There are 2 protein chains.
Amino acid sequence: MTVSFSPIATVRSGYRDTSEIPKGPGAEHHAEGVIEVREDLAEGLADIEGFSHLYVLWVFDRQKEVRLTVTPPNDDRPHGVLATRAPVRPNPIGLTVVELLGREGCRLHVRGVDMLDGTPVLDIKPYLSNVPAERLKRGWLDAAEARRAGRPLPEP
Amino acid sequence: MTVSFSPIATVRSGYRDTSEIPKGPGAEHHAEGVIEVREDLAEGLADIEGFSHLYVLWVFDRQKEVRLTVTPPNDDRPHGVLATRAPVRPNPIGLTVVELLGREGCRLHVRGVDMLDGTPVLDIKPYLSNVPAERLKRGWLDAAEARRAGRPLPEP
């Protein structure tokens, strides 16, 4: 079974090469950019400007390799690719939470871009709610951060 | 331009019909289910059990209609489909945050399922961080909730 999609938008960012993008799950993304939504979908954006944050689902379109195990930039140990955000996943789909700064017609001005210029976007959704912080565990990522900081490892 | 994906997993849930699934962005989803990942991708799950919550990207595979404007179940006013979580979006991709209860080989036991039984899954990612609550605005959704509760409308 195969499912096919046509992109609904294109990312405009200052990033021309992946080496310019801060890497790893702890990386801070403050870069601003624009999501240019297709003109024929303009009506679908009505009222989006009321949301402070959006999910952007996009394609790692310049990424062809797939690996099942990766060693992330912020750890020295390998992990299953589905337990990371690495681009070399079976389906190269990226997910980014961006802050919506404003809208001009079909152009969404956003902060928090970590996509290359020209990246195709599959979907945009409002960000609605958080997982309660006291219930959030981040597995190997918390362990890697603790090791680097010389702190005790978190409880499993 | 078209991008194609092969599902990496299938959802097993108690939902056989969309009418059984709690609707609307404020709906509470406590249903448990299983995400059955393809056996050939087993290695890609290594260490995923350390995360309390996962993003699941999936396909509204029994949804063919596309609409640019929708009136959500929890409001009486229409909004652009990209400002909602409605399934009738240009690319019918769903995004659900589930709590990971445990893993048995390629089977992920999860809570918070809102997908039909048999739903194809495109990607699974660890949930890593929240948007700070004091910076989160939810546009028409906050307004609709305030109207229904008889509270003053939120500041735009």
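Could you please find all residues in the range B:34-58 being open to solvent by 10 Å² or more (accessible area, probe 1.4 Å) and of a type in the set (Gly, Ala, Ser)?
Correct list: B:ALA42, B:ALA46, B:GLY50, B:SER52.
Restricting attention to the range B:78-87, does a residue exist that is part of a helix (DSSP H, G or I) and β-branched (Val, Ile, Thr)?
Within the range B:78-87, the first condition is being part of a helix (DSSP H, G or I), and the residues that meet it are B:81-83.
Imposing the further condition that a residue be β-branched (Val, Ile, Thr) reduces the set to B:81.
So far as the range B:78-87 goes, yes, one or more of its residues are part of a helix (DSSP H, G or I) and β-branched (Val, Ile, Thr).
Could you list, in sequence order, all residues of the range A:64-79 that are open to solvent by less than 60 Å² (accessible area, probe 1.4 Å) and either within 7 Å of chain B (Cβ to nearest Cβ) or of a type in the set (Ser, Thr, Tyr) (or both)?
Selection gives A:LEU68, A:THR69, A:HIS79.
So B:ASP61 fits all but one of (1) over 22 Å from A:ALA83 (Cβ atoms); (2) among the charged types (D, E, K, R); (3) open to solvent by 50 Å² or more (accessible area, probe 1.4 Å); (4) at pLDDT 90 or above; what number is the exception?
Status for B:ASP61: all satisfied but (3).
Could you give every pair whose Cβ atoms fall below 6 Å, whose first residue belongs to the range A:39-61 and is closer than 24 Å to B:LEU122 by Cβ, and whose second residue is charged (D, E, K, R) and open to solvent by less than 10 Å² (accessible area, probe 1.4 Å), counting only separations of at least 6 or pairs across chains?
A:TYR55/A:LYS125; A:LEU57/A:ASP123
For the range A:3-26, check the following and say yes or no: at least one residue is surrounded by fewer than 16 Cβ atoms within 10 Å (Cβ to Cβ) and closer than 30 Å to B:LEU68 by Cβ.
Within the range A:3-26, one or more residues are surrounded by fewer than 16 Cβ atoms within 10 Å (Cβ to Cβ) and closer than 30 Å to B:LEU68 by Cβ.
Output the strands (runs of 3 or more DSSP E) that fall wholly within the range A:93-152 and possess 2 or more residues being more than 12 Å from every other protein chain (Cβ to nearest Cβ), over 30 Å from B:SER4 (Cβ atoms) and open to solvent by 40 Å² or more (accessible area, probe 1.4 Å), or say none.
Filter on the range A:93-152 gives A:93-104.
Just checking: which of the strands (runs of 3 or more DSSP E) contained wholly in the range A:1-46 hold 3 or more residues that are at the interface with another protein chain (Cβ under 9 Å from one of its Cβ atoms) and at negative phi?
So the answer is A:3-5.
From (1) open to solvent by 20 Å² or more (accessible area, probe 1.4 Å); (2) without any contact (Cβ under 8 Å) to a residue 12 or more places away in the chain; (3) within 7 Å of chain A (Cβ to nearest Cβ), pick out the condition that doesn't hold for B:LEU82.
Of everything listed in (1) open to solvent by 20 Å² or more (accessible area, probe 1.4 Å); (2) without any contact (Cβ under 8 Å) to a residue 12 or more places away in the chain; (3) within 7 Å of chain A (Cβ to nearest Cβ), B:LEU82 misses just condition (1).
Provide a single number: the residues in the range B:115-145 that are of a type in the set (Asp, Glu) and at pLDDT 95 or above.
Result for the range B:115-145: 2.
The values are calculated or read from the model by the stated rules, or taken from the named source; none is laboratory data. Just so it is clear, the model here is predicted, and its values are computed rather than measured. Using ideal geometry, Cβ is built from the backbone for each residue, glycine included, and neighbour counts are taken over all protein chains shown. We work out accessible area using only protein heavy atoms, side chains counted, and drop any ligands, DNA or RNA first. Shrake-Rupley method; radii C 1.70, N 1.55, O 1.52, S 1.80 Å.
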